[in-house]
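Asker: Below you will find the structure I want to go over with you.
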Amino acid sequence: MSMRSKEEFFKELSKCVVGMEDEKVISIAEEYIKSGYPAMDGILYGLVDGMNKAANLYEEEEYFIPELMICSDAMYNGLDVLRPHLEEASSQQKCRIVIGVVEGDTHDIGKNLVKIMLEAAGYELIDLGRDVPATRFIETVKEKKASVVALSTLMSTSTGNIKRVVELLEEEGLRSDVKVVVGGGPISPAFAKKIGADGYGKNAVEAVKVVNSLMTI
């Protein structure tokens, strides 16, 4: 068996996800781990990279929901192999994050990617799904004592509902204890700043970096 470089493995893993090779991905992931490469890198630069590419193909209408489902099956199959090999997140208790797509939007591909990435990074996620009313985010933050709210939308018509969540946190006196991270197609760093969010993630990988940096303060 030829020793593949880490980069070659990333390409292969990514290709398995984009190419809907939900069986082949398992053996590639196993080989990757046997070669002694770090699980987290395989997830980030292999599986998630593939899923991001699949999401782009979806945006460009080259892939549709059935293709995306098989791509995500492939990604999850790969994750099942790699996840047990993740180094334990540092002993500090990782915080809880409430995540969801705001009311008025049912696109959850991006949100699902971010959720997977944050879980892989060791956070505990409470996923409210899609088309979530602002008040529900607030109730869940209180009930679960979450430290972060991650909000996304792909519809410009729903951006007001992201702003509403921030306003409700203020009204309830929770704003100083809870970080707000936003993302999605119509969301920009300028918009995030304008509504007073703490962070903006362009994609799933960025979202994890943003949360990590907010949580190490």
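Asker: Could you work out how much longer the chain between Ser188 and Lys209 gets when fully extended? Use 0.36 nm per residue separation minus the Cα distance between them, nm to one decimal.
Answerer: Difference between extended and current length: 5.9 nm.
Asker: In whole angstrom, and with the biggest value first, how far do the Cα coordinates of the chain range along each principal axis?
Answerer: Largest to smallest, the principal-axis extents are 61, 43, 27 Å.
Asker: Related question: Under 18 Å Cα to Cα from Lys24, which aspartates and glutamates show up? Leave out anything in the same chain fewer than 8 places away.
Answerer: Within the straight-line cut-off, Lys24 pairs with Glu7, Glu8, Glu12, Asp49, Glu67, Asp73, Asp80.
Asker: To continue, here is another question. Of the residues Met40, Met20, Met69, which exhibits the maximal mean-square fluctuation in a Gaussian network model of the chain defined by a 10 Å Cα contact cut-off?
Answerer: Judging by the Gaussian network model, the answer is Met69.
Asker: Let me ask something else. May I ask which residue of Asn112, Pro189, Pro66 lies farthest towards the positive end of the charge dipole of the chain, with charges of +1 (Lys, Arg) and -1 (Asp, Glu) on Cβ and the Cα centre as origin?
Answerer: Of the options given, the answer is Pro189.
Asker: For Thr216 and Glu30, what is the calculated FRET efficiency with R₀ set at 41 Å and r taken between the beta-carbons, to the nearest 0.05?
Answerer: 0.80
Asker: I've got another one for you. Can you tell me which lysines have their Cα less than 24 Å from the Cα of Lys179? Leave out same-chain residues fewer than eight positions away.
Answerer: Filter leaves Lys94, Lys111, Lys115, Lys142, Lys144, Lys145, Lys163, Lys193, Lys194, Lys202, Lys209.
Asker: If you take the Cα Rg of segment 6-85 and divide it by 2.2 N^0.38 Å, with N the number of residues, what do you get?
Answerer: That ratio works out to 1.00.
Asker: Each label point is 7 Å from the Cα along the Cα-to-Cβ direction; what then is the distance between the points at Asp73 and Glu87, in nm?
Answerer: 3.5
Asker: Mind listing the Cα extents of segment 96-215 along all three principal axes, in Å, largest one first?
Answerer: 32, 29, 24
Asker: Quick one: what do you get for segment 138-188 if you divide its Cα Rg by 2.2 N^0.38 Å?
Answerer: Working it through for segment 138-188, the quotient is 1.14.
Asker: Using a ≥ b ≥ c from the Cα gyration tensor of segment 13-60 (square roots of the eigenvalues), is it rounded, prolate or oblate, where a/c under 1.5 gives rounded and otherwise the larger of a/b and b/c decides, a/b for prolate?
Answerer: Oblate is the answer for segment 13-60, as a/c is 1.5 or above yet b/c matches or exceeds a/b.
Asker: Can you figure out the FRET efficiency of Glu172 with Cys95, using R₀ = 25 Å and their beta-carbon distance, to the nearest 0.05?
Answerer: 0.85
Asker: So what is the 222 nm mean residue ellipticity for the chain from helices alone, if each DSSP H run of at least 4 adds -39500 (n - 2.57) and you divide by all residues, rounding to the nearest 500 deg cm²/dmol?
Answerer: -15500 deg cm²/dmol
Asker: Also, quick follow-up: Within 10 Å, count the other beta carbons around each residue, average over each peptide in 21-30, 70-79, 139-148, and list them highest first.
Answerer: Those peptides, ordered most packed to least, come out 70-79, 21-30, 139-148.
Asker: Report the extension gain between Phe64 and Lys202 in nm, rounded to one decimal, defined as 0.36 nm multiplied by the number of residues separating them, less their alpha carbon distance.
Answerer: Extending this stretch completely gives an extra 47.5 nm.
Coordinate-derived values only; no laboratory data. Since we're looking at a predicted model, the values are computed, not measured. Because the Cβ atoms are built from the backbone with ideal geometry, glycine has one as well, and the counts that use them run over all protein chains shown.
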